[in-house]
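No lab work stands behind these numbers, since they all come straight from the coordinates. In this text the structure is predicted, and so the values were computed from the model without any measurement. Quick reminder, even Gly has a Cβ in these numbers, built from the backbone with ideal geometry, and neighbours come from all protein chains shown.
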Amino acid sequence: MAPRMLDPAFQKLSPLGFGAFKIGRNEGTKYPRGYDLPSEAQAAKLLNEVLDLGINLIDTAPAYGLSEERIGQALAHRRREFMLSSKAGETFENGQSAYDFSREGTARSVQRSLRRLRTEALDILLIHSDGRDLEIQDNEQIVPAMLELKKSGLVRFIGLSGKTVEGARKALEWADVISVEYHPDDRTPEEVIALAGRKGVAVVVKKPLASGRLRAEAALPFILARPEVCSILAGSLDIAHIRENLRLAREARA
């Protein structure tokens, strides 16, 4: 069988995407410093400025608090300007996460996300893994459910946002895209990133700065030196910070 080619939609992604965690949630985070949630108006201003910079990938999740709802309110009128990625499997309420990887739970989650995001379809739907990457894929019904959602047209591309190299490798059997943590302090995904490239599976890197512990000047060029990486997800509430990260990412890809 001939190797699958990377879908052109992923080739058009900006090298820096926007991770929308911080606009919706500030509880139970892994960031070294706390932060206040922006107001609805502040979040809307930031999201529109992100698009104005030319960033065309926005990543959110039901577990990101108010994030989906705020994206829908702020950007529904600009929906065609960016790829929208969300997840299924995890919710976060009353200070703690809950997980549901069932077929029915996946369908409910996507319908809820579509309402909140004010869109008819998601560009990307990822499994929001709790760390049991292999078990979820082997024993739960979320993968068949996602394949059905893709066939129905409610989702364009499907994949895994996992926590293990083994899980990412398993996902290459069915996924269009994998989201992996990769940076100078964690190079363990390099083999699976290369394999994804050979299989035509898109790679989006999450937590490129190790949740704020690494300097962008070193981390972003290191990550984008990998031609298989389509985009890097970084979140910030400071538009100047985002602009500088985008500059570094564009220079790395020049």
(request) Go ahead and run the numbers for FRET between Asp185 and Ala254, Cβ-Cβ distance against an R0 of 25 Å, rounding to 0.05. (result) 0.50
(request) Could you pull out every residue, at least 5 positions away or on a different chain, whose amide H is within less than 5 Å of the one on Gly17? Hs are placed 1.01 Å off N in the peptide plane, and Pro or chain starts have none. (result) Ile232, Leu233, Ala234
(request) Could you tell me which of the pairs Lys163/Lys199; Lys45/Lys170; Lys45/Lys199 are separated by over 32 angstrom between their Cα atoms in the structure shown? (result) Lys45/Lys170; Lys45/Lys199
(request) Collect residues whose amide H, placed 1.01 Å from N in the peptide plane, falls under 5 Å from the amide H of Asn56; neighbours closer than 5 in sequence don't count. (result) Ser14
(message) Whole-Hz ³J(HN,Hα) for each residue in the stretch 179-193, computed from phi via Karplus 6.51 cos²θ - 1.76 cosθ + 1.60 with θ = phi - 60°, x for glycine and proline: what do you get?
(response) 10, 10, 7, 8, 6, x, 8, 9, 9, 4, x, 4, 5, 6, 4
(request) Just need the relative contact order of the stretch 110-166 here, percent rounded to a whole number, with Cα pairs under 8 Å and 6+ apart. (result) 48 percent
(request) Specify whether the C-alpha gyration tensor of the stretch 1-59 places it in the rounded, prolate or oblate class, a ≥ b ≥ c being the square roots of the eigenvalues: rounded for a/c under 1.5, otherwise prolate if a/b is larger than b/c and oblate if not. (result) oblate
(message) With loop defined by DSSP as not H, G, I, E or B, and exposure as at most 16 other Cβ atoms within 10 Å, which is the longest segment of the chain clear of exposed trypsin sites (Lys or Arg not before Pro)?
(response) 34-117
(message) Counting only other residues whose beta carbon sits under 14 Å from that of Gly19, what net charge do I get with K and R as +1, D and E as -1?
(response) +3
(request) May I ask for the net charge around Val201, where only other residues with Cβ less than 14 Å from the Cβ of Val201 are counted and Lys, Arg are +1 while Asp, Glu are -1? (result) +1
(request) Give a quick list of chymotrypsin sites (Phe, Trp or Tyr not before Pro) in the stretch 27-104 that DSSP marks as loop, anything other than H, G, I, E or B, with at most 13 other Cβ atoms within 10 Å. (result) Tyr35
(request) Label the chain by shape, choosing from rounded, prolate and oblate, from the square roots a ≥ b ≥ c of the eigenvalues of the Cα gyration tensor; if a/c is under 1.5 it is rounded, and otherwise prolate applies when a/b is larger than b/c, oblate when it is not. (result) rounded
(message) Around Leu237, under 15 Å between beta carbons, what's the net of Lys plus Arg minus Asp minus Glu among the other residues?
(response) +1
(message) Once you place label points 7 Å from the Cα toward the Cβ at Tyr31 and Leu147, how far apart are they in nm?
(response) 3.9 nm
(request) Classify the stretch 1-112 as rounded, prolate or oblate from the Cα gyration tensor: take a ≥ b ≥ c as the square roots of its eigenvalues, call it rounded if a/c is under 1.5, otherwise prolate when a/b beats b/c and oblate if not. (result) oblate
(request) Before rounding to the nearest 500, sum -39500 (n - 2.57) across all DSSP H runs of length at least 4 in the chain and divide by the residue total; then give [θ] at 222 nm in deg cm²/dmol. (result) -11500 deg cm²/dmol
(request) Would you please name the GluC sites (Glu not before Pro) within the stretch 2-109 that are DSSP coil residues with at most 16 other C-beta atoms within 10 Å of their C-beta? (result) Glu27
(request) Give me the number: length gained by fully extending Arg103 to Ser211, i.e. 0.36 nm times residue separation minus the C-alpha to C-alpha distance, one decimal in nm. (result) 35.7 nm
(request) Taking H placed 1.01 Å from N in the peptide plane, check which residues at least 5 places from Ile158 or on another chain put their amide H under 5 Å from its amide H. (result) Leu125, Asp176, Val177
(request) Give a quick list of GluC sites (Glu not before Pro) in the stretch 138-220 that DSSP marks as loop, anything other than H, G, I, E or B, with at most 13 other Cβ atoms within 10 Å. (result) Glu173
